[in-house]
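Novice: Structure incoming, see below.
None of the figures in this text is laboratory data; all of them are computed from the coordinates on show. None of these values were measured; they are calculated from a predicted model. Using ideal geometry, Cβ is built from the backbone for each residue, glycine included, and neighbour counts are taken over all protein chains shown.
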Amino acid sequence: MEKILANALGQDVSKLAAQEKRLLLSRLLGRFAHEVRNPLSSLDIHLQLLEEDLQEAPAKVRDQTAGRLEIMRGELHRLENIVKHFLSLAGPSSLDLHPVEVARVVGYVGELLRPEADARGVEMVVKCANELPPVAADAAQLTQALVNLVINAIQAVEQRGRVEISARHDERNGVLILGVRDTGPGLPTDKLAVIFEPFFTTKAEGSGLGLWIVQQIITAHGGAVEASNSPDGGAVFTVHLPLPKKENRSG
Ligand SMILES: Nc1ncnc2c1ncn2[C@@H]1O[C@H](COP(=O)(O)OP(=O)(O)OP(=O)(O)O)[C@@H](O)[C@H]1O
Ligand SMILES: [Mg+2]
């Protein structure tokens, strides 16, 4: 991260505190996202026009180009999504906190990604404890964080694998605990420290930003996210979200 910042900003950032570096990086990426958005929407429009033009082309040409156009559209959407994530992270004070029912967020993410899981033959299980207390959170950002974790899990497991999303209340520590575990190959133990670093990826088409964004969002909520492997293999991501202190508690 230090090298990226130093190159982009043309200054030595080695003496800055980690928190300052993170802030600089998210500003930089926010700016980058803004710059990239315009050419992307122009590409989007021209792709649409090209599709319209091709309606009049002979059937053979239409068939030949249909698959390529679909890939282009898919990739364009992926880029637009990346840009959208960055824009939502660009400002450090952009959290819109409200009481959030975590069970709803978990249920929503489960339903959102179920078609993706089904298409890959992956079983998705949602386990929410009853009557979880509401947490002060930005629902959209929390959803984003969970989506990133679940997408990783779905991508990690092979056919007939399983992804489990869970939520429970740790009353003693005053936190809600969200878990995303899968039956995939797990995380290489020597990579546990770097998977949250921006741009670390082992995927051909990965940006390596998914987990970094998760960490940004969760720490902005005063929480923490940890990665580990379960004893029977498979990755386990655990998110701790602090609960508002009870005001009427005596003593
Ligand atoms: N559930 C998981 N099982 C195994 N490895 C994982 C899992 N989640 C993340 N990883 C590893 O951590 C790396 C970083 O994940 P991250 O979500 O940040 O980026 P990505 O998934 O590679 O790219 P993107 O999120 O942009 O699609 C992954 O490339 C993968 O090597
Ligand atoms: Mg990812």
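Novice: Would you kindly calculate the translational diffusion coefficient of the chain, applying Stokes-Einstein with the Kirkwood radius from alpha carbon pairs, for 20 °C and a viscosity of 1.002 mPa s, and quote it in µm² s⁻¹ without decimals? Present the calculation step by step, with values, prior to reporting the outcome.
Specialist: Working: Rh = 20.3 Å.
Diffusion coefficient, whole number: 105 µm²/s.
Novice: Using the Cα atoms of region 67-177, I'd like the radius of gyration and the largest Cα-Cα distance, Dmax, both in angstrom.
Specialist: Just the Cα atoms of region 67-177 yield Rg and Dmax of 16.2, 55 Å.
Novice: Give, in whole angstrom and from largest to smallest, the semi-axes √(5λ) of the equivalent ellipsoid of region 151-232, with λ running over the eigenvalues of the Cα gyration tensor.
Specialist: Semi-axis lengths for region 151-232 are 22, 18, 11 Å.
Novice: Which cross-chain or sequence-distant (5 or more) residues have an amide H under 5 Å from the amide H of ALA137, H modelled 1.01 Å from N in plane?
Specialist: Amide H to amide H, under 5 Å and 5 or more residues apart or across chains, ALA137 pairs with HIS98, VAL100.
Novice: Something else now. Using Cα springs under 10 Å in a Gaussian network model of the chain, which residue among GLY206, GLY234, GLY107 shows the largest mean-square fluctuation?
Specialist: GLY206
Novice: Any idea what angle helix 102-119 forms with the longest principal axis of the chain, computed on alpha-carbon atoms, 0 to 90 degrees, nearest 10?
Specialist: 40 degrees
Novice: Also, quick follow-up: Could you calculate the FRET efficiency of LYS246 with ARG27 from 1/(1 + (r/R0)^6), where r is the beta carbon distance between them and R0 is 45 Å, rounded to 0.05?
Specialist: It comes out at approximately 0.80.
Novice: Starting from the Cα of GLN19, step 7 Å along the direction of its Cβ; do the same at ALA129; then give the gap between the two resulting points in nm.
Specialist: 3.0 nm
Novice: Could you tally up the Lys pairs in the chain with alpha carbons closer than 28 Å? Skip any pair fewer than 8 positions apart unless they're on separate chains.
Specialist: Number of lysine pairs found: 14.
Novice: Once you wrap a convex hull around the alpha carbon atoms of region 2-89, what is its projected area averaged over all directions, in nm²?
Specialist: Over all viewing directions, region 2-89 projects a mean Cα-hull area of 7.0 nm².
Novice: Taking only DSSP H segments of four or more residues, each worth -39500 (n - 2.57), what value at 222 nm results for the chain once the sum is divided by all its residues, to the nearest 500 deg cm²/dmol? Working shown, then result.
Specialist: Numbers: 6 runs with 123 residues, N = 251.
That comes out to -17000 deg cm²/dmol.
Novice: What is the spin-label model distance, in nm, from GLU171 to GLU158 if the labels are put 7 Å beyond Cα along the C-beta direction?
Specialist: Going by the 7 Å Cα→Cβ label model, 4.3 nm.
Novice: Also: Could you grab the relative contact order for the chain? Cα pairs under 8 Å, six or more apart, rounded to a whole percent.
Specialist: Here the relative contact order equals 15 percent.
Novice: With all pairs of different alpha carbon atoms counted, what Kirkwood hydrodynamic radius in Å does region 98-242 show?
Specialist: About 15.3 Å for region 98-242.
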